[in-house]
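Peer 1: This is the structure I have questions about; it appears just below.
The values are calculated or read from the model by the stated rules, or taken from the named source; none is laboratory data. This one's a predicted model, so the numbers in the text were calculated from it and none came from an experiment. A quick note on method: Cβ atoms are made from the backbone with ideal geometry, for glycine too, and the neighbour counts reach across all protein chains shown.
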Amino acid sequence: MPGTSAPSPSRSHSGARAFDALILGGGIAGNALAFHLAHEHGWKVFLYERHTPAGGASGKAAGIVSTQCWNAWDIRAVETSRKEYRRLSEEHDETLFLETGGLRVVSSEEGERGLASAVDRLRAAKIEARVVTAKEAGELLPVAKVDDARAALYTPKDAVVAPTDLTLLYGRLARENGAQVESDLGAAEARPVPKGWELAVGGHTYSAPKLIVACGAWTKGVLGRLGHPLPLAPYLTRACLIKANVRKPFPWLHDSELDVYVRPFPGGDVLAGDGTELKEVDPEHLSPSSDLPFLENVAGFMQRRFPAWASSSVGASWHGICTSTPDRRPMIGPVPDAPGLFVLTGFNGFGVMRAGAASRWMADALARGRWTELREVDPGRFEPPYAPFEPRPGFTLER
Ligand SMILES: Cc1cc2nc3c(=O)[nH]c(=O)nc-3n(C[C@H](O)[C@H](O)[C@H](O)COP(=O)(O)OP(=O)(O)OC[C@H]3O[C@@H](n4cnc5c(N)ncnc54)[C@H](O)[C@@H]3O)c2cc1C
């Protein structure tokens, strides 16, 4: 689906159409960045998505937005994103955002200790959170069978969003604020030029002082081909829809020991997902294994935690590719030793809930040249040469 064009930009000496920033990748991160740069800073932005907008991980995501994170930066990022998504939903489309609350159930002593420190972290960040007993968790989600759990962490302001629609909305708002957003015009060739970067695609050349790579799982390959590798590992993760005929929304639930989550989905369905396949994949040459072991794992989880829904049929199952980093923190900022080249990725399976804030803070940093808010996630924090590493699951409260 080709995008529409913004007013004609000026041309550089080489004849390229001149912009303030070029963005590669039309997932939620790239589109949100295009919007924030154009809207808050009045930048002339060109965004290129090589296939379908939201066709990468953003269109496959479960859409859980939870402040139950293991780190103060992440909590702040999710909380900022959450508020942005709620506002966008109020202003544009009420189906984008639903406040459901979230429950993380633990069955071990260690898990219970994890909840206690998570509550401290959340309260320090002024997030409403409390540890509840198994009985209270059962009252918050009566269809769940959690009486054998030790405790649960409840965050009442957690939400679920519609990730594809949110991504497309950011793209639309970026265009309405003057960005040029294009897609599906073939491979884009990026190259450094004396005053920044040029992108050649669809028979035109676009130039800007800054090029931001927001290609999700494909970022590793894009940066490698540009001669600026970073330690990233794409990995596969799966989800499915269960035709449970649910009548009322319910808090999303994650079982820490079984490592499966569920959330309410429009139309009375339940979306379920589990952790990740802990090995690196090449997103350009993907040969995914069968969904069967995943579906069996979800079936076992449903029997144990949601017996009332256990016999419901599976409507669809799918996989998407996420991007891991060695320390499970995002990678946002200047690419080391590559003038004018930036990266926005490495969300370790939680990019929807961080993209609003990450892109807003990155837009501010690009415009002001100050990276204070993003220092902790600076891509330069890793020492080359980069050793291969295994992706690690992300839905935990521990480092
Ligand atoms: C099953 C599943 C469940 C998930 N659940 C959640 C959840 O509940 N909450 C949450 O926060 N996150 C969740 N995630 C993670 C989330 O989807 C990602 O972290 C997020 O979507 C990443 O967004 P992105 O824009 O960085 O990448 P993507 O959405 O992957 O976008 C990258 C885009 O770049 C494009 N591209 C690639 N190469 C090029 C190129 N050379 N030129 C131009 N464009 C290019 C791709 O086509 C793609 O559209 C889930 C992911 C999966 C797969």
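Peer 1: Just the residues that are surrounded by fewer than 16 Cβ atoms within 10 Å (Cβ to Cβ) and either small (Gly, Ala, Ser) or more than 13 Å from the ligand (Cβ to nearest atom) (or both), please, taken from region 49-92.
Peer 2: Asn71, Ala72, Lys83, Arg87, Glu90, Glu91, His92, listed by residue number.
Peer 1: Kindly list the number of the only condition in (1) farther than 19 Å from Pro391 by Cβ; (2) touching a strand residue (DSSP E or B) at 6+ places or on another chain (Cβ under 7 Å) that fails for Lys248.
Peer 2: Result: Lys248 passes all but (2).
Peer 1: If a residue has to be touching a helix residue (DSSP H, G or I) at 6+ places or on another chain (Cβ under 8 Å), more than 14 Å from the ligand (Cβ to nearest atom) and modelled with pLDDT of 95 or more to count, how many in region 4-43 make the cut?
Peer 2: Total meeting the criteria: 8.
Peer 1: If you take the residues in region 122-146 that are among the basic types (Lys, Arg) and within 21 Å of Leu397 (Cα to Cα), which one is surrounded by the most Cβ atoms within 10 Å (Cβ to Cβ)?
Peer 2: Per the criteria, the residue is Arg130.
Each row is one residue, and each column tells you yes or no for (1) buried (at least 17 other Cβ atoms within 10 Å of the Cβ); (2) at pLDDT 95 or above; (3) farther than 27 Å from Leu153 by Cβ.
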residue	(1), (2), (3)
Gly346	yes, yes, no
Gly351	yes, yes, no
Arg354	yes, yes, no
Ala358	yes, yes, no
Asp364	yes, yes, yes
Thr372	no, no, yes
Gly380	no, yes, yes
Glu398	no, no, no
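Peer 1: In region 234-256, what residues are away from the ligand (no atom under 15 Å from the Cβ) and either over 17 Å from Ala299 (Cα atoms) or not charged (D, E, K, R) (or both)?
Peer 2: Within region 234-256, Ala244, Asn245, Val246, Arg247, Lys248, Pro249, Phe250, Ser256 meet the criteria.
Peer 1: Would you confirm, using the coordinates I've provided, whether Leu230 is within 15 Å of the ligand (Cβ to nearest atom) and farther than 23 Å from Glu383 by Cβ?
Peer 2: When the stated conditions are applied, Leu230 does not pass them.
Peer 1: Within region 110-157, how many residues are in a loop (DSSP other than H, G, I, E, B) and out of contact with any Pro (no Cβ under 7 Å at 6 or more places or on another chain)?
Peer 2: Looking only at that region, the number is 15.
Residue-by-condition table, conditions (1) free of Cβ contacts under 8 Å to residues at least 60 places away in the same chain; (2) in a strand (DSSP E or B):
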residue	(1), (2)
Ile321	no, yes
Arg328	no, no
Gly333	yes, yes
Asp364	no, no
Ala367	no, no
Arg370	yes, no
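Peer 1: Just to be sure I understand the filter: pairs with C-beta atoms under 6 Å, separated by 6 or more residues or on different chains, first member in region 209-223 and on the phi > 0 side of the Ramachandran plot and touching a residue at least 60 places away in the same chain (Cβ under 8 Å), second member in a loop (DSSP other than H, G, I, E, B) and near the ligand (Cβ under 6 Å from one of its atoms). Which pairs pass?
Peer 2: Close Cβ pairs satisfying both conditions: Gly216/Gly27; Gly216/Gly56.
Peer 1: Within region 12-40, which residues are over 23 Å from the mean Cα position of the chain (by Cα) and either over 22 Å from Leu226 (Cβ atoms) or surrounded by fewer than 24 Cβ atoms within 10 Å (Cβ to Cβ) (or both)?
Peer 2: Scanning region 12-40 gives Ser12, His13, Ser14, Gly15, Ala16, Arg17, Ala18, Asp20.
Peer 1: Any residue in region 130-142 that is within 30 Å of Glu94 (Cα to Cα) and either in contact (Cβ under 8 Å) with a residue 40 or more places away in the chain or within 13 Å of the ligand (Cβ to nearest atom) (or both)?
Peer 2: yes
Peer 1: I've got another one for you. All but one of (1) touching a Ser or Thr at 6+ places or on another chain (Cβ under 8 Å); (2) within 16 Å of the ligand (Cβ to nearest atom); (3) among the polar types (S, T, N, Q) hold for Thr95; which doesn't?
Peer 2: (2)
Peer 1: If I filter region 188-227 down to residues being of a type in the set (Ser, Thr, Tyr) and farther than 29 Å from Tyr386 by Cβ, which single residue comes out as nearest to the ligand (Cβ to nearest atom)?
Peer 2: My answer is Tyr206.
Peer 1: Something else: Would you please list the contacts, defined by Cβ atoms under 8 Å and residues six or more apart or on different chains, that run from a residue in region 287-306 that is within 11 Å of Val260 (Cβ to Cβ) to a residue that is in a helix (DSSP H, G or I)?
Peer 2: Every condition considered, the pairs that remain are Met302/Trp309.
Peer 1: Just checking, how many residues over region 301-349 are farther than 30 Å from Leu366 by Cα and within 16 Å of the ligand (Cβ to nearest atom)?
Peer 2: Final tally of qualifying residues: 7.
Peer 1: Which pairs turn up if I take residues in region 43-67 that are closer than 21 Å to Val222 by Cβ and look for partners that are of a type in the set (Asp, Glu) with beta carbon separation below 6 Å, at least 6 apart in sequence or on another chain?
Peer 2: Going by the 6 Å Cβ cut-off, the qualifying pairs are Tyr48/Glu182.
Peer 1: Related question: For region 161-189, enumerate the residues that are buried (at least 20 other Cβ atoms within 10 Å of the Cβ) and part of a loop (DSSP other than H, G, I, E, B).
Peer 2: Of everything in region 161-189, those that are buried (at least 20 other Cβ atoms within 10 Å of the Cβ) and part of a loop (DSSP other than H, G, I, E, B) turn out to be Ala162, Ala179.
Peer 1: Which of (1) part of a loop (DSSP other than H, G, I, E, B); (2) more than 23 Å from Val377 (Cβ to Cβ); (3) aliphatic (A, V, I, L, M) is the odd one out, the single condition Ala308 does not satisfy?
Peer 2: With respect to (1) part of a loop (DSSP other than H, G, I, E, B); (2) more than 23 Å from Val377 (Cβ to Cβ); (3) aliphatic (A, V, I, L, M), Ala308 is out only on (1).
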